[in-house]
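Derivation of every value follows stated rules applied to the coordinates shown; laboratory data play no part. The structure presented is a predicted model; accordingly, all values stated were derived computationally and were not measured. A quick note on method: Cβ atoms are made from the backbone with ideal geometry, for glycine too, and the neighbour counts reach across all protein chains shown.
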């Protein structure tokens, strides 16, 4: 894939990418967001098995440095059912999680890198042998998984694959890859159907109540159009009124592919 000037996005990406170590996030969230917005973005390589340009980068300034995932709008393939600039939906899902008080999405913002504007999300140093199915089977991080499940319903995530649930080295579970979300039409596709019919935990119900009562923060609403934002609020109200995680109303078709 190339940018407008012919430069290859992810050049040399056939080579293995060296992934960083340490804790999940070594800087406070506000510092990470500031760094990703203002720091210099250097591409290290392209992440494998991604349909759009998904680049491992190092973002740095004179005092700070952190690895991140950079998804430039220029590297997106056009879709018939979603508008361009899917990277803004990556940021919107982080902002929705933040508004609900769910610390399950890595800090994400809009930054400008070598291929233009895109999302910049803190890289999660994870135990990559784990994914949703293994986490659920082994009983790891249920509270975080339930938060992700509620977030996907409200945010209308159309692509919650098992491999999009990462177990960080800090013991927390983080959801990634949210470019296909927030459509006004209900398009939920997820592997997380194990909670069907389960009562919402009090923490999630209370968070939804605050969100519905206070309305969306401007940091979220500015990333979506009015119809998408109205649909998001409608889904939040519906989940809160139901008081339980919903069933698959299609009879088994709301699954992503591939599953992992």
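Quick notes on this structure:
- With respect to the chain, whose longest principal axis is taken over its alpha-carbon atoms, helix 202-214 is tilted by about 80°.
- Whole-Å distance, taken between Cα centres, linking region 90-108 and region 142-191: 11
- The C-alpha atoms of the chain define a longest principal axis, and helix 226-242 lies at about 40 degrees to it.
- Computed from Cα positions, the angle between helix 29-38 and the longest principal axis of the chain comes to roughly 40 degrees.
- With contacts taken as Cα pairs under 8 Å at a separation of at least 6 residues, region 29-242 carries a relative contact order of 19 percent.
- Estimated inter-spin distance, residue 85 and residue 30, nm [label 7 Å along Cα→Cβ]: 2.7
- Paramagnetic reach from residue 198 in region 242-260 [backbone N under 11 Å; point 7 Å along Cα→Cβ]: 245
- Residue 238 paired with residue 128, simple spin-label distance in nm, labels 7 Å along Cα-to-beta-carbon: 3.7
- Relative frequency of Cα-Cα separations exceeding 12 Å in region 101-146, percent: 71
- The calculated P(r) of region 29-242, using every Cα pair and 5 Å bins from 0, goes 1, 7, 15, 20, 21, 17, 12, 6, 1, 0, 0 in percent.
- Placing pseudo-labels 7 Å out from each Cα toward the beta carbon at residue 51 and residue 184 gives an inter-label distance of 2.3 nm.
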